[in-house]
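The next block holds one structure in the form of structure tokens; read it before the comments.
The values are calculated or read from the model by the stated rules, or taken from the named source; none is laboratory data. Quick caveat, the model's predicted, so the values are computed rather than measured. Here Cβ is always computed from backbone atoms with ideal geometry, including for glycine, and neighbour counts include all displayed protein chains.
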Amino acid sequence: MEVLEAVSEISSFSFDAEYLDIGSDRYLATGELLTDEDISVMRSKDAVYFGAIGDPRVAPGVLEQGVLLRMRAVFDQYINLRPVTSWFPLVPLKRQVDFDIHFLRENTEDFYMGAGGHFGPSHGSNPHVHVERGMYTLDLDLSAESSNGDDFAFEVGLLSRRGVERFADYAFRYASDRGDTKVTLVDKANVCTHIYGMQREIFQEKSAEYGIDLEFMFVDAMAMAMIVRPETFGTVAVPNLFGDILTDLGAQLQGGLGMGGSGNINPEGVSMFEPIHGSAPDIAGQGKANPIAAVLAAQMLLENQGFPEEGALLHDAVRASLDNGSTTPDLGGNMTTEQVGRTIADMVLSTRR
Ligand code: IPM
Ligand code: MN
């Protein structure tokens with residue numbers, strides 16, 4: 001927030017912020033995750049700037065599903081933009097080459113819909129899965145008898161034609177805006193043939209429509225290729241679950257989890273910007289966390305809100321602070337979170353004309 005304030009002091013960007021106390025402390029005190037009030041406040045804003053979530057005192061999945069995934073679903077933020085850009089030579093990289101991969105992770109469907117359940121003799125009645133998204137509802141009914149005596153748990157990976165179409169439209173437009181000549185689509189179409197087969201067909205149609213090449217990569221091969229030849233990728237479209245995994249790999253490739261910003265984008269609605277990392281409870285309160293990922297999320301927020309120059313300014317300030325050696329321990333420095341944040345904010349202020 002300090003960095004954003006610095007930007008607003010020296011540019012035409014200005015903002016009012018309302019703070020919402022969403023997270024584990026409030027949850028443990030009141031049982032509230034994301035209230036209707038929170039949602040209506042966020043709905044009234046241009047954008048949401050989100051910290052990081054996770055707490056070992058809360059069972060895994062509660063905060064993730066109740067806050068983060070809920071927010072993404074409520075606001076239908078169907079694109080998760082996650083750039084993986086080298087900061088070489090300022091940040092030591094796993095591969096000493098220049099690269100700039102922009103991951104577009106589909107953010108509403110696939111295995112992330114919570115569409116699943118249990119069935120079999122211990123679970124009684126017929127399992128029923130109900131999915132509600134802004135653009136559709138879906139009801140799946142299964143027969144308990146079909147389990148033949150064993151108990152099952154299942155999680156359905158779903159893609160809708162409309163969901164894939166809007167994803168593909170966004171990806172090809174994004175590639176064309178960036179001047180990329182191809183879109184890479186990551187999947188596992190050799191195994192999950194139904195969902196990813198349909199996805200391939202739709203991307204192929206869109207590739208022809210936009211006149212931009214399409215390249216298919218299986219996710220396992222992509223994990224390898226990201227290490228071996230990251231410089232060969234530009235715009236990469238990836239379904240939700242694989243996108244979660246590959247962008248953590250990407251964050252390490254660019255120098256660490258503390259370097260990854262993320263935008264949960266609804267091009268027609270309220271978008272949310274956050275670092276890709278969680279709350280790092282093991283180092284909480286020690287001033288060791290690298291604030292750059294959060295600052296890069298603010299950069300994406302500025303770009304998304306129509307302030308590309310202010311975004312670039314932030315990017316340059318991060319670069320300058322790295323060049324200065326003003327870094328937290330994860331990047332080999334000995335500065336605190338606050339000091340790095342302050343340095344970046346000062347760099348921004350020093351560009352005042
Ligand atoms: C991320 C996180 C979330 C995800 C979790 C916390 C639900 O890992 O933003 O990548 O899987 O999307
Ligand atoms: Mn993740």
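So, Ile276, is that one within 16 Å of ligand 1 (Cβ to nearest atom) and of a type in the set (Val, Ile, Thr) or not?
Values: within 16 Å of ligand 1 (Cβ to nearest atom): yes; of a type in the set (Val, Ile, Thr): yes.
Yes.
Quick check, is Leu140 over 18 Å from the mean Cα position of the chain (by Cα) and assigned to a strand (DSSP E or B)? Here the answer is yes, as Leu140 does meet what is asked.
Filtered by the rule that a residue be of a type in the set (Phe, Trp, Tyr) and in a helix (DSSP H, G or I), region 149-198 gives Phe167, Tyr170, Phe172, Tyr174, Tyr196.
With Gly234, Gly258 as the choices, which residue is within 16 Å of ligand 2 (Cβ to nearest atom), touching a His at 6+ places or on another chain (Cβ under 8 Å) and not assigned by TED's automatic domain parsing to the domain that holds Val58? When all the criteria are applied, what remains is Gly258. Evaluate the following for Thr108: is it in contact (Cβ under 8 Å) with a residue 12 or more places away in the chain and polar (S, T, N, Q)? So Thr108 fits the description; yes. Condition test on Leu302, is it surrounded by 18 or more Cβ atoms within 10 Å (Cβ to Cβ) and either under 13 Å from the mean Cα position of the chain (by Cα) or not assigned by TED's automatic domain parsing to the domain that holds Phe233 (or both)? Criteria met by Leu302.
Here Pro267 clears all of (1) surrounded by fewer than 16 Cβ atoms within 10 Å (Cβ to Cβ); (2) over 19 Å from Val91 (Cβ atoms); (3) free of Cβ contacts under 8 Å to residues at least 12 places away in the same chain except the condition numbered (3). Only one entry of Arg26, Arg95, Arg70 meets the criterion of being surrounded by 14 or more Cβ atoms within 10 Å (Cβ to Cβ) and either within 16 Å of ligand 1 (Cβ to nearest atom) or within 16 Å of Pro275 (Cβ to Cβ) (or both), and that entry is Arg70. The single residue among Arg105, Arg57 that is of a type in the set (Lys, Arg), surrounded by fewer than 17 Cβ atoms within 10 Å (Cβ to Cβ) and farther than 30 Å from Met347 by Cα turns out to be Arg57. From the list Val131, Val62, the lone residue that is within 12 Å of ligand 1 (Cβ to nearest atom) and over 15 Å from the mean Cα position of the chain (by Cα) is Val62.
Being β-branched (Val, Ile, Thr) and over 14 Å from Arg82 (Cα atoms) is the filter; apply it to region 222-256 and report the residue that is nearest to ligand 1 (Cβ to nearest atom). Per the stated criteria, the residue is Ile227. Is it fair to say Gly31 is within 14 Å of ligand 1 (Cβ to nearest atom), out of contact with any Phe, Trp or Tyr (no Cβ under 8 Å at 6 or more places or on another chain), assigned by TED's automatic domain parsing to the domain that holds Met300 and of a type outside the set (S, T, N, Q)? Answer is no for this residue.
Test Pro56 against the stated conditions and say whether it is within 16 Å of ligand 2 (Cβ to nearest atom), over 21 Å from Ala294 (Cα atoms) and in the same structural domain as Leu4 (by TED's automatic domain parsing). Here the answer is no, as Pro56 does not meet what is asked. Checking each residue in region 279-299 for being surrounded by fewer than 21 Cβ atoms within 10 Å (Cβ to Cβ) and free of Cβ contacts under 8 Å to residues at least 40 places away in the same chain picks out Asp282, Ile283, Ala284, Gly285, Gln286. Among the conditions (1) closer than 29 Å to Arg43 by Cα; (2) in the same structural domain as Val41 (by TED's automatic domain parsing); (3) part of a helix (DSSP H, G or I), Leu241 misses just one, which is (2). Screening Gly149 on (1) loosely packed, with under 13 Cβ neighbours inside 10 Å; (2) in the same structural domain as Val238 (by TED's automatic domain parsing) shows it passes everything except condition (2).
Residues in region 63-76 that are more than 16 Å from ligand 2 (Cβ to nearest atom) and touching a helix residue (DSSP H, G or I) at 6+ places or on another chain (Cβ under 8 Å): Gly66, Val74, Phe75. If you go through region 261-275 and keep only what is within 15 Å of ligand 2 (Cβ to nearest atom) and more than 20 Å from Arg178 (Cβ to Cβ), you end up with Met272, Glu274, Pro275. For the criterion of being in contact (Cβ under 8 Å) with a residue 40 or more places away in the chain and within 21 Å of the chain's Cα centre (by Cα), Arg162 fails.
One residue stands out among those in region 316-353 that are surrounded by fewer than 17 Cβ atoms within 10 Å (Cβ to Cβ) and β-branched (Val, Ile, Thr): the one that is modelled with the lowest pLDDT, which is Thr351.
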